[in-house]
Amino acid sequence: MKRTPLPVARRVVLSAVLCAVSLLFSYLETFIPMPMPGMKIGLANLIPLLLIPTVGIPDAACVSLLRIGLSALLFGSPFSFLYSLAGGVVSFAVTVLLFRLRFFGLPGISILGAVAHNCGQILVAIFALGTARITVLLPWLILSGCVAGLAVGLLASLTLPRLRRAGVLPGEETKKE
Amino acid sequence: MKRFWRRDAVLFLSVLLIAGALFLLLFLLRGKGEGERDVVISYHNKVVARLPLEVDTEYLFECDEGYNRIVIEGGAVRVAEADCPTQRCVRHGELIPADVVPIFCIPHYLDVKIVRRGNE
């Protein structure tokens, strides 16, 4: 993971484009029916998974924060903003930590990030409702986070080398092993 | 990234197992037995209404954040209508005594659950 510094202009454009893409993902997801209300795939999490190992953590953080703020502004409410912000921050922290750890591949990182996202949201809900009773949702959220995280993680491990080869994302396309 | 595949697979299966174990735990903790049930409506975790489940009725919950129209019908309770932004409580559908998960309306700090009469 040797990083050659990118020109600022390229970083800005790359972040802006990927931010728009993740915003589109957040929007399109609202049309996918889910067995339980509030459940979602978390396709937008694909973008930080692609950005952290290539461009860097600050860029990925900016894109994620912008995406959360903009999607709340466009499709959500102040409440949903707080909610997804909590999930986003917890999930981002876990994701960065796991990238540093270099123990799991993209699917593993994505699974734990998704589960962390759901746990963060549960915590906010506990404070908002003032009751720990909502933890009965936890198994559902772990299960859905696991499956959705795997899907997004596999998607990321498929797209990352292709985007590198296409020259969209920086970094050598050949990885160790 | 290929070298991590086995670890990722193990992680996936263990997270599934954890979820499964939690499901089992909830299933075992579930309230069993017959008996009269009450619908308990709470706001900020304070009980605002306690209604018998067997009597079909309608209850309009109102708070500073908005309203939820709660309908008790045929031994089940549901939120028929609400002005909350998420509408999760409405989409939750009917709640029956066997259900473990209460209906939550997080924007209105509301939760609706079914308890055995004489409890709490």
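Of the residues B:G66, B:G74, which single one is within 14 Å of chain A (Cβ to nearest Cβ) and surrounded by fewer than 19 Cβ atoms within 10 Å (Cβ to Cβ)?
B:G66
Which residue, of B:L17, B:L11, B:L28, is more than 13 Å from the chain's Cα centre (by Cα), assigned to a helix (DSSP H, G or I) and either at the interface with chain A (Cβ under 9 Å from one of its Cβ atoms) or in contact (Cβ under 8 Å) with a residue 60 or more places away in the chain (or both)?
Of B:L17, B:L11, B:L28, the one residue that is more than 13 Å from the chain's Cα centre (by Cα), assigned to a helix (DSSP H, G or I) and either at the interface with chain A (Cβ under 9 Å from one of its Cβ atoms) or in contact (Cβ under 8 Å) with a residue 60 or more places away in the chain (or both) is B:L11.
I'd like the full set of residues that are closer than 18 Å to A:L158 by Cβ and either of a type in the set (D, E) or in a helix (DSSP H, G or I) (or both), limited to segment A:104-126.
Matches in segment A:104-126: A:L106, A:P107, A:G108, A:I109, A:S110, A:I111, A:G113, A:A114.
Which of the residues that make up segment B:99-113 are touching a residue at least 40 places away in the same chain (Cβ under 8 Å), more than 9 Å from chain A (Cβ to nearest Cβ) and either under 23 Å from B:L29 (Cβ atoms) or assigned to a strand (DSSP E or B) (or both)?
Once the filter is applied, which keeps residues that are touching a residue at least 40 places away in the same chain (Cβ under 8 Å), more than 9 Å from chain A (Cβ to nearest Cβ) and either under 23 Å from B:L29 (Cβ atoms) or assigned to a strand (DSSP E or B) (or both), segment B:99-113 yields only B:V112.
More than 7 Å from chain B (Cβ to nearest Cβ) and modelled with pLDDT of 90 or more: does that describe A:V90?
Spelling it out, A:V90 is indeed more than 7 Å from chain B (Cβ to nearest Cβ) and modelled with pLDDT of 90 or more.
Suppose we filter A:G108, A:G167, A:G130 for residues that are surrounded by fewer than 21 Cβ atoms within 10 Å (Cβ to Cβ) and at the interface with chain B (Cβ under 7 Å from one of its Cβ atoms); which single one remains?
A:G130
Among the residues of segment B:33-44, are any closer than 30 Å to A:P107 by Cα, facing another protein chain (nearest Cβ under 10 Å) and either surrounded by fewer than 13 Cβ atoms within 10 Å (Cβ to Cβ) or not hydroxyl-bearing (S, T, Y) (or both)?
Within segment B:33-44, none of the residues are closer than 30 Å to A:P107 by Cα, facing another protein chain (nearest Cβ under 10 Å) and either surrounded by fewer than 13 Cβ atoms within 10 Å (Cβ to Cβ) or not hydroxyl-bearing (S, T, Y) (or both).
If you check A:S80 against the conditions, is it more than 30 Å from B:I41 (Cβ to Cβ) and not aromatic (F, W, Y)?
no
The values are calculated or read from the model by the stated rules, or taken from the named source; none is laboratory data. Everything numeric in this text was worked out from a predicted model, so none of it was measured. Virtual Cβ from ideal backbone geometry, glycine too; neighbours counted across all protein chains shown.
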